[in-house]
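Peer 1: Submitted below is the structure of interest, expressed as structure tokens.
A short reminder: the numbers here are calculations on the coordinates, not readings from a lab. This structure is a prediction, so every number in the text was calculated from the model and none was measured. As a convention, Cβ positions derive from the backbone with ideal geometry for all residues, glycine included, and neighbour counts pool all protein chains shown.
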Amino acid sequence: MVAPTPLGLIAGNGMLPYRIIENLNKSDRAVFALGILGEVADEVSGNMDAWVGIGQLQLARDLMQEAGVRDVVIVGGVQRPNLTTLELDDGGQWVVERALSQTQRGDNALLTHVLDYFEAQGFAIVSAVDLLSQVAPLRGLLTEAKMDPHWQDMARAVEIARHIGALDIGQAAIVARGIVLGVESVEGTDAMLARVGKLSEEVRGTPVARAGVLAKIPKPQQDRRIDLPALGPQTVAGAARAGLAGIVFEADGVLFESSDVCISQANRAGLFLYGLTPEEL
């Protein structure tokens with residue numbers, strides 16, 4: 001029997017790259033892991049086989065071809081680069097030129113061209129969701145805390161998140177008592193939560209009297225093989241500090257970092273976690 005070719009894994013920040021490497025190490029599939037310089041977490045860096053800069057797509061191509069890679073997964077976040085000062089090789093230049101030539105220049109457009117580049121080089125793009133051992137999406141209420149008083153905030157937060165996603169602005173929003181407290185943009189979810197946590201307790205909740213819902217929903221136009229919103233322990237901790245009552249997410253559209261840890265963490269803090277089914281969206 002012929003062994004499968006190594007999977008090329010391009011790793012950004014967070015623990016999801018490690019989870020995928022860990023899962024594949026339990027199978028017969030070898031992994032060739034490329035870390036993006038300045039992005040990979042210290043806990044994950046020891047698993048990298050080679051390193052590339054964020055603008056070095058041609059180097060990434062060359063290294064993966066030398067390793068016999070045919071399938072590629074891109075997982076983990078990256079800090080938004082300054083395209084005017086970013087050091088680019090020919091592959092990076094290929095992507096940036098096409099992204100800048102478009103009227104729509106958000107994250108989704110840039111990431112789409114990254115995928116286009118690797119596909120043009122003969123690689124098949126694999127979704128991170130398909131590589132996680134958690135095959136069944138986390139749906140419905142996952143925690144002890146109930147969400148009965150918070151349905152209206154949840155519905156409005158989901159509505160806002162979907163609207164900003166359609167505009168390629170962000171993937172998350174926070175609503176408390178009907179008031180929009182935050183929408184995600186370039187700063188990311190964790191920074192948004194920190195900002196909401198500094199608001200007056202008159203408009204947000206507290207650890208004693210929790211209020212408000214964070215919604216994380218994929219952008220409707222994005223390629224779900226890359227850049228799905230992630231939800232991990234840091235997100236849950238940020239929501240708890242901000243006094244929120246819970247987090248709602250699209251069950252089929254969010255990558256969980258350590259879901260068991262998140263659920264335990266939410267239960268200790270008194271937050272709910274709820275995975276929306278397609279019928280509820």
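Peer 1: With just the Cα atoms defining each centre, how far is segment 28-103 from segment 107-178? Give it in Å.
Peer 2: Using only Cα atoms, the two centres lie 22 Å from each other.
Peer 1: Sort segment 7-131 into rounded, prolate or oblate with this rule: let a ≥ b ≥ c be the square roots of the eigenvalues of the Cα gyration tensor; rounded if a/c is under 1.5, and if a/c is not under 1.5, prolate when a/b is larger than b/c, oblate otherwise.
Peer 2: Prolate, since a/c reaches 1.5 and a/b exceeds b/c.
Peer 1: Compare Ala191, Ala173, Ala211 in a GNM of the chain, Cα atoms joined below 10 Å, and give the one with the largest fluctuation.
Peer 2: Ala191
Peer 1: With a cut-off of 8 Å between alpha carbons and a minimum separation of six or more residues, what is the relative contact order of the chain in percent?
Peer 2: Once normalised by length, the contact order is 17 percent.
Peer 1: At a Cα cut-off below 24 Å, give the lysines reachable from Lys198, other chains included and same-chain residues fewer than 8 away excluded.
Peer 2: Lys216
Peer 1: Would you please put 32-45, 73-86 in order of how densely packed they are, using the mean number of other Cβ atoms within 10 angstrom per residue and starting with the highest?
Peer 2: 32-45, 73-86
Peer 1: HN-Hα J couplings of segment 68-79 from phi, Karplus 6.51/-1.76/1.60, θ = phi - 60°, integer Hz, Gly and Pro as x?
Peer 2: Values per residue, Gly and Pro as x: x, 6, 10, 10, 10, 10, 10, 9, x, x, 9, 5 Hz.
Peer 1: Could you tell me how far the Cα centroid of segment 186-211 sits from the Cα centroid of segment 221-279, in Å?
Peer 2: Using only Cα atoms to place each centre, the spacing works out to 16 Å.
Peer 1: List the aspartates and glutamates whose alpha-carbon lies under 17 Å from that of Lys26, not counting same-chain residues fewer than 8 positions away?
Peer 2: Straight-distance partners of Lys26: Asp130.
Peer 1: With the contact rule set at Cα under 8 Å and sequence spacing of 6 or more, what percent relative contact order holds for segment 140-280?
Peer 2: 29
Peer 1: Continuing with this model, one more query. Once phi is turned into θ = phi - 60°, what whole-Hz ³J(HN,Hα) does the Karplus curve with 6.51, -1.76 and 1.60 give for every residue of segment 170-182, x standing for Gly and Pro?
Peer 2: x, 10, 8, 8, 10, 10, 9, 6, x, 9, 6, 8, x
Peer 1: Let me ask something additional. Just going by the charge dipole of the chain, with Lys and Arg at +1 and Asp and Glu at -1 on Cβ, which of Tyr18, Ile54, Leu244 is farthest out on the positive end?
Peer 2: Final value for the positive-end residue is Leu244.
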